[in-house]
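Read the figures in this text as sums done on the coordinates, not as results from a lab. Treat the numbers as computed from the prediction; the structure is a model and nothing was measured. Cβ placement follows ideal geometry from the backbone for every residue including glycine, while neighbour counts extend to all protein chains displayed.
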Amino acid sequence: MKDKLPQNFFIFFVVLITIAFFGLIKGFLMAIFWATVFAILFHGRYEKIIARLPGKPNLSAALTLIIILLLVIIPLLVVSLAVINEATEVYQNISTSDQSLQQRVDGLHDKIPWVDNLIERLSIDVDKVKTNLMTFLGSGSKLVAGKAVELTQDVVGFLINFSLMLYILFFFLRDGKRLIQQLVWVVPIGDEQEWALLHRFESVARATVKGSLLVALVQGVIGGILFWALGIPAAFLWGCIMVLASLLPVGSALVWGPWAIVLFLQGDITKAVILLVIGAGFIGLIDNILRPRLVGQDTKMPDYLILISTLGGLAWFGLSGFAIGPIIAAIAVTCWQMLGDKYGAPHDEVVTESKVE
């Protein structure tokens, strides 16, 4: 017992100091995570650059970082600033406008006379429904625009995390292989299992981020063009919001669905029908066709597990959870598969319910 005391105490100390370390850096974990993801996505580009510049890892990592800035980060920042400006204008218009959504639907009965007969048959309290619906739509518009405006309130924190992400990304690009080898050497699980988990993390991160973002961009671009063609104000803003909504399990219907209701209440029946048909029949179809191919096949997880893990990731980690959730789920599934392979009975020896009977 005395012989094991130093070892047990040291293990306890390592666990304790590791918990304290993660508590120390918990405010920057998202920066570390996205630096890791970008390093995975652009590692191939770094390898091509260093192959042309042998012996110059610093220069190769810097050039790769510049490529990431030009292709991803700078366009994303430009779009974000445009969204914030347009959201601010929308928020101010909603807050100061004298004409409410309630007033816009007053002529609906004249434009659609059959609505009155339907309402009488169903015994619907029109005023109550109208008031509640208009309150919901008005509040929802203010909330969406207001949230975009709130992004400017924590500029300092964003810049710190953003700069830290770029700084860490440089070293992950340059020293990624060495860091992974050290991690495999330190973690006492077994090299084969550790490499399997690392490859699983890499494949799921690449599939989730690239696949989900590609699907979201396609839906957002098509939705924004559709909104512009239908004359819906702030089409660029709603297209960008549709990109974010497409990362959620419900998808872009969170955006075009309420707007179809608004158009209907305004009496623009043709536009409402067009929006519903294209939204459900085309934009939604893109999600159903592309997402299983780009995300489901590479992650090798069933759709229901991707759905649940995405919802859980969003609840725990915010928007970054669309990637973190499926990664955690995939690693968990892989760990249980390893456990079964090592300690479970062979498949041909597993007793099924039919055999028990």
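With a 10 Å Cβ neighbour count serving as the proxy for reagent exposure, in which order, fewest first, do MET30, MET242, MET165 appear? Walk me through the intermediate numbers first.
Numbers: MET30 17, MET242 27, MET165 22.
In order of increasing Cβ crowding within 10 Å: MET30, MET165, MET242.
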Q: Working from the alpha-carbon coordinates of the range 188-342, get Rg over Rh, Rh being the Kirkwood radius.
A: 1.11
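If I stretch the segment between ILE17 and LYS177 completely, what's the gain in nm (0.36 nm per residue apart, minus their alpha carbon distance), one decimal?
Numbers: separation 160, 0.36 × 160 = 57.60 nm, distance 2.55 nm.
The span from ILE17 to LYS177 would gain 55.0 nm if fully extended.
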Q.
Among GLY279, VAL262, ALA205, whose Cα projects farthest towards the positive end of the dipole of the range 188-342, with charges put on the beta-carbon of Lys, Arg (+1) and Asp, Glu (-1)?
A. VAL262
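Got a sec? How would GLU194, GLU47 order by Cβ neighbour count within 10 Å, fewest to most? Let's see the in-between values first.
Numbers: GLU194 17, GLU47 13.
Listed from fewest to most nearby Cβ atoms, that is GLU47, GLU194.
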Q: For the range 173-265, report the convex hull volume of the alpha-carbon atoms normalised per residue, in Å³, without decimals.
A: 111 Å³
Q. Where in the range 164-187 is the amide nitrogen less than 14 Å from a point lying 7 Å along the Cα-to-Cβ axis of GLN7?
A. none
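Among ILE308, ILE225, which comes first, then next, by fewest other beta-carbon atoms within 10 Å?
Values: ILE308 15, ILE225 12.
Fewest-to-most Cβ neighbours within 10 Å comes out as ILE225, ILE308.
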Q. Taking 0.36 nm per intervening residue step and subtracting the Cα-Cα distance, what contour gain separates LEU198 from VAL273 on full extension?
A. 22.2 nm
